[in-house]
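The values are calculated or read from the model by the stated rules, or taken from the named source; none is laboratory data. Since this is a predicted model, take the numbers as computed values, not measurements. Quick reminder, even Gly has a Cβ in these numbers, built from the backbone with ideal geometry, and neighbours come from all protein chains shown.
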Amino acid sequence: MKEVILALVSGLVVGMLFKFLKLPLPAPPVFSAVMGVFGVYFGGVVFDWIAKYFQS
């Protein structure tokens, strides 16, 4: 849980800094970003499932 809070706080700080400096946000559109993160995480989970299947 500590990592989640730290990630959220650092993301908020970076977002506010970029807006203050009038720079474009360094992030893709919201839905595609969420789906990309989900895809990376789910890909790792699926790989673990496949690795366990072939090892047993």
Please find, within the stretch 1-14, the residue that is farthest from the chain's Cα centre (by Cα) out of those that are exposed (fewer than 10 other Cβ atoms within 10 Å of the Cβ) and in a helix (DSSP H, G or I). Lys2
Residue selected from the stretch 15-33 under the condition modelled with pLDDT under 90 and part of a helix (DSSP H, G or I), by the criterion nearest to the chain's Cα centre (by Cα): Ala33
For the stretch 15-34 the number of residues that are surrounded by 10 or more Cβ atoms within 10 Å (Cβ to Cβ) and of a type in the set (Lys, Arg) is 1
Could you tell me whether the stretch 45-56 includes any residue that is surrounded by 10 or more Cβ atoms within 10 Å (Cβ to Cβ), outside any loop (DSSP other than H, G, I, E, B) and either of a type in the set (Gly, Ala, Ser) or in contact with a Leu (Cβ under 8 Å, 6 or more places away or on another chain) (or both)? yes
Do the conditions hold for Gly36, that is, is it at pLDDT below 90 and in contact with a Pro (Cβ under 9 Å, 6 or more places away or on another chain)? yes
